[in-house]
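Trainee: Pasting a structure below so you can have a look.
The values are calculated or read from the model by the stated rules, or taken from the named source; none is laboratory data. Please read all numbers here as calculations on a predicted model, not as lab measurements. Every residue, glycine as well, gets a Cβ built from its backbone with ideal geometry; the counts of neighbours run over all protein chains shown. Note: areas computed on protein heavy atoms with side chains; ligands, DNA, RNA excluded. Shrake-Rupley method; radii C 1.70, N 1.55, O 1.52, S 1.80 Å.
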Amino acid sequence: MSIIKIIDNVVSLEIFKLAQEEFSKGIWGFNNANNSIDPNVSFGAKEYCDKVNKLLSEKRLNESNIIYNLWTSINSKIEIEKNYKNILKRINFNCGPPLYDQGIHQDDEVTFSKNITIVYFVHPQWDFLWGGELLIFDKSKENVTGGTFPIPNRAVVFPSYLPHRAVAVTRISPSMRISIAFQCQFDHQL
């Protein structure tokens, strides 16, 4: 199994622009390691991420207006509860300036879990010459089984246990690659 679904123009232009404004603020810093299985140390929004995930864990995500509206819009297209029996458990923010690479990692180490990850691209523009592809690997990490360019306002759904990475953005890119990973967990009660 690889990519489950790719959806373009997943949120309205109004919400997309509000999200871009939010992520162009000074939320980024040099440290994106989220836990012991995440080898990525590059630009991230750790403090912002911690704040949003605290609200999520306290069932107060609606207090994070743009993230709540973004998630609600994405979920209305994907319907994770109905289609995948998953619920949102964690949100991670990633920033890829030119020449920064991301290591291969997994959002879930349990092979064949039913958890899914939704990566959403929120940067304002993209050209395929700039790189930044999202690659999905098989469990052995030896073969690429899927991938996509980081097209703005695109969401990519895939099993969380699959190794994946963002390829480095080329030096000719005038933009940073900005993505949000919505990490969802299977709930057998749905």
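Trainee: Leaving ligands, DNA and RNA out of it, report the carbon-plus-sulfur percent of the accessible area of the stretch 66-167 at a 1.4 Å probe.
Mentor: 52
Trainee: Of all the Cα-Cα pairs you can form in the stretch 85-132, what percent are over 14 Å apart?
Mentor: 65
Trainee: Past the 29 Å Cα-Cα mark, which pairs from LYS17/LYS114; LYS25/LYS141; LYS85/LYS139; LYS25/LYS139; LYS25/LYS59?
Mentor: Beyond 29 Å: LYS17/LYS114; LYS25/LYS141; LYS25/LYS139.
Trainee: Would you tally the net charge around GLU79, using a Cβ to Cβ cut-off of less than 15 Å, leaving GLU79 out, and scoring K and R as +1, D and E as -1?
Mentor: Surrounding charge for GLU79 is +2.
Trainee: Excluding residues fewer than 8 places away in the same chain, name every one of the aspartates and glutamates whose C-alpha is closer than 16 Å to that of LYS51.
Mentor: Answer for LYS51, where 16 Å is the Cα cut-off: GLU22, GLU63, listed by chain and number.
Trainee: Further question: So what is the 222 nm mean residue ellipticity for the chain from helices alone, if each DSSP H run of at least 4 adds -39500 (n - 2.57) and you divide by all residues, rounding to the nearest 500 deg cm²/dmol?
Mentor: Helix contribution divided over all residues of the chain: -6500 deg cm²/dmol.
Trainee: Taking the simple approach of a point 7 Å from Cα along Cα-to-Cβ for both SER12 and ARG60, what is their distance in nm?
Mentor: In this crude label model, SER12 to ARG60 measures out at 2.7 nm.
Trainee: Using only the Cα atoms of the stretch 60-190, what do you get for the radius of gyration and for Dmax, in Å?
Mentor: Rg then Dmax for the stretch 60-190, in Å: 14.9, 48.
Trainee: Pull up the DSSP beta bridges for the chain and report the antiparallel fraction as a percent, rounded to 5.
Mentor: 95
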